[in-house]
Amino acid sequence: MTHEHQHDGHSHSHPHDHDHEHPVTDTGAAVDLQIPDAELSPGELGRRSFLRRAGLLGVGAAAAAGMGALGGLGTGTAQARRPGGAGPGAPASLMWLAGDHHIHTQYSPDAQYLVSQQVGQGARYGLDWMVITDHGGAAHQKFDVEVTHADVVAARAQNARTLVFQGVEWNIPAAEHGTVFVAPGDGDVALLKEFEGSYDGSVKGATASNAANEALARDGLAFLGTAVQQGRVADALMLANHPARKGLDSPHEIRGWRDTAPTIAVGMEGAPGHQAAAIPGPGHATNGRGYYDSSPSADSFAAYPRESYLTYGGFDWMTATVGGLWDSLLAEGKPWWITANSDSHQVYQDTFAPGPGVHATTGSRGAPVDTGAPIPSYGDFWPGYYSRTVVGATDFSYGAVMAGIRAGRMYVVHGGLIGGLSAQVTGGGAAPATLGGTTMVNGGNDVELQVDVQLARRPNQHGDVPRLRKVDVVVGSITGAVGDQDSFLAPDTTVTASYEVPANASGTFTIRHRFGRRRRPFYVRLRGSDGNRTAPGLLGAAVDPAGPAVDALGNADPWTDLWFYTNPIFVLPR
């Protein structure tokens, strides 16, 4: 088979053994669970039956539910928008908005900045949306939810071109941390305060890994789902943060969160924050990138290998391992998405130090103090400075961003490696579908993927113009529900093809890849790199010949090891 790379108006054909696809469509009434089976046409009923058998019904239903509930939620103070990294060929109905869902302030016991400082810096570095997520706990729940709200409202007024959400970094009972955030509205403060008081692992003394605490986490997610259904808030989402850092988020817990509340618990950080933590220098000698430098504890999931406690090209082991935990969820047809963010607490080489406040007794560290000298031991970047989650939204509003996250219309990028991206699967007479989408194609027809990558044209915050050197196409079979809820392998997932970007390429780099005639359901996701540091994947070179290399403790410069990842597109032959 022949595949084409197109760039600068020219195309080059390369022989290859594998086929590729283009983004596809929604499956209509079959995935709308508010429509009873009896009201479907025979064709729609057959489609729904197929999705049920494959364990895929939630793929379309979650996205449809999000769009229906939130498409009209207004922007509040935000009145304008920036492109946010839209790639050529993106559907005309979408705008691509860059954001960060994991940001800390003086209201966390280990952070220091004012809300206005974090939002102002995020806006300076090009973010369209941000979530303030201070650590949950007794002092935060008692003192901080209302005062944070006042600061967020003020930040919205000061940054009218930026959507600012209020949330909390939830201490997930029996597990790690997670971002929980809600759409702005009359009930947002009361709901966040009640949620934290009733379901935060620190507040409730429920951090140990046991069945009762795991149940409390699921109850918390169910509470959020009920609150949305009852109209207490227009929407709520949960994303698991740094999921492999301490080995606390077991596979069965992740599956349990998603299955308990599939429109609330929708994904995890594919790449953690703290990306400056292992830059060589004072205070960083034993740090892992992302502060991934822990060892297993009594609460860790025992089956996780030691390599899971490290990052790979700045990405979490669950995401970086082709055929690993993330792929095992996608192979079930579970819509479980990845993000990237700053987790900004204290910014590398910043001159500010924590204020004099005592968080435990006041809920605040006070305003930070400018020391006048750079502090190299810090391990974070400002929001938008290095990591971005780019969301395809139908308009510039809080509701549209949340709906885009729920639908999986997202890609993540480090260090300005690319300027934008669009991907579509077409074939079998189906309409195109983009990231996070699902299409049903006639099994006897060719399925094709088209990817348009806008190459970087301007220097990043390190002063470099990054060069994308390759794009990988990762494909896995959708095999349906697993018997073992602690499975974290997807043996049918591999890097199906790698495309080299010519050294003289500029503007837009286009890939067209045919999958040919496919009889079984599958998904496709994308990954790209500057090519500076690669190694065979953890499951072997036959699965991933040139994946991200492990990040060395105390010696991982994030600017010389840049990657982007996309969320998948699901393809269902019929």
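Taking Cβ atoms as reference points and 15 Å as the exclusive limit, the residues near Gln230 contribute a net charge of -3, counting Lys and Arg as +1 and Asp and Glu as -1.
The modelled label-to-label distance for the pair Thr226/Asp486, using points 7 Å beyond Cα in the direction of Cβ, is 3.0 nm.
Tell me, what is the percent relative contact order of the stretch 278-404, built from C-alpha pairs under 8 Å that lie six or more residues apart? Mind showing how you got there, number by number?
Details: 153 pairs, mean separation 24.8, N = 127.
Contact order relative to length: 20 percent.
Fewest-first ordering of Val189, Val145, Val180 by other beta carbons within 10 Å of each residue's beta carbon gives Val189, Val145, Val180. Taking a ≥ b ≥ c as the square roots of the eigenvalues of the Cα gyration tensor, the stretch 443-574 is oblate, since a/c reaches 1.5 or more and a/b is not larger than b/c. I need the calculated FRET efficiency for the pair Arg161 and Ser506, taking r as the beta carbon distance and R₀ as 30 Å, to the nearest 0.05. It comes out at approximately 0.55.
Taking every C-alpha pair closer than 8 Å and separated by at least 6 residues, the mean separation divided by the residue count of the stretch 498-568 gives a relative contact order of 34 percent. Near Ser250: Cβ cut-off under 15 Å, other residues only, Lys/Arg at +1 and Asp/Glu at -1. The net charge is -4.
Counting neighbouring Cβ atoms within 10 Å and putting the fewest first, the residues Arg469, Arg161 line up as Arg161, Arg469.
Label-to-label distance, Ser294 versus Val465, with points set 7 angstrom from Cα along the beta-carbon direction: 4.2 nm.
The modelled label-to-label distance between Asp446 and Thr361, using points 7 Å beyond Cα along the C-beta direction, is 7.3 nm. Counting neighbouring beta carbons within 10 Å and listing from fewest to most, the residues Leu114, Leu325, Leu449 come out as Leu114, Leu325, Leu449.
The amide H of Trp337, built 1.01 Å from its N in the peptide plane, has Gly267, Met268 as neighbours under 5 Å, considering only residues 5 or more places off or on other chains.
Coordinate-derived values only; no laboratory data. It should be emphasised that the depicted structure is a prediction, and the values quoted were computed from it without experimental measurement. A quick note on method: Cβ atoms are made from the backbone with ideal geometry, for glycine too, and the neighbour counts reach across all protein chains shown.
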